[in-house]
Amino acid sequence: MDKKSIDAFMFDVSVTVTAKKKPVFTYYESGSSKPLSEKERQVVITGPSVIFYKLINLDLAPKGLRFIGAGFTKPFTQIVENSYVSENGDTLVLEDLCVDDGTANFHLLLKTDENNLIMISPDPEVINKSKHK
């Protein structure tokens, strides 16, 4: 039997709201206090991988903030095959089997208890670069 490894990428996400009511998304490497740049938030995949986005600093976030999913600009490219949200909504998981090369642009989708609207994050990216080609 062939044993295959799966890579894991973990990001912490903090969402705060400015005085002008604009949400601000800050991404961190899991466990780090240094915010990541836009380039550092890109995930380059070379094999089967799972990507975790975990909400942190919820005491500074809008009440009841939770993930409801991920929205993809091209959902049928098979760059990312699946997305899951934890039961309590604090973690979003993306599954990427790295079947096809290419880039997936998507948005984290969130809701709060403050209204019935969906909040959309800035555009993270997953880039597949197959080792086999």
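Since every read-out is calculated from the coordinates, none of them should be taken as a lab result. Everything numeric in this text was worked out from a predicted model, so none of it was measured. Cβ placement follows ideal geometry from the backbone for every residue including glycine, while neighbour counts extend to all protein chains displayed.
Each Lys or Arg adds one and each Asp or Glu takes one away; over the other residues whose Cβ falls under 9 Å from the Cβ of residue 50, this sums to -3.
Structural descriptor for the range 7-128: relative contact order 27 percent, calculated from alpha carbon pairs under 8 angstrom and at least 6 residues apart.
In this structure, the amide hydrogen of residue 119, modeled 1.01 Å from its nitrogen in the peptide plane, lies closer than 5 angstrom to those of 110, 111, counting only residues at least 5 positions away or on a different chain.
Go through 39/111; 21/54; 22/129 and tell me which ones have a Cα-Cα distance over 24 Å in this structure. As for pairs spanning more than 24 Å Cα to Cα, those are 39/111; 22/129. For the range 62-123, trypsin sites (Lys or Arg not before Pro) are listed when DSSP marks them as loop and at most 15 other Cβ atoms sit within 10 Å of their Cβ; the list is 63.
Across the alpha-carbon set of the chain, the Rg to Rh ratio works out to 0.99, Rh being the Kirkwood radius.
Using a Gaussian network model of the chain in which every pair of alpha carbons under 10 angstrom is joined by a spring, one finds that among 57, 82, 116 the greatest mean-square fluctuation is at 116. Amide H contacts under 5 Å for residue 45: 127, 128, 129, restricted to partners 5 or more places along the chain or on a different chain, H placed in the peptide plane at 1.01 Å from N. Quick check: the distance between the Cα centres of the range 69-116 and the range 14-40, to the nearest angstrom? Centre-to-centre (Cα) distance: 18 Å.
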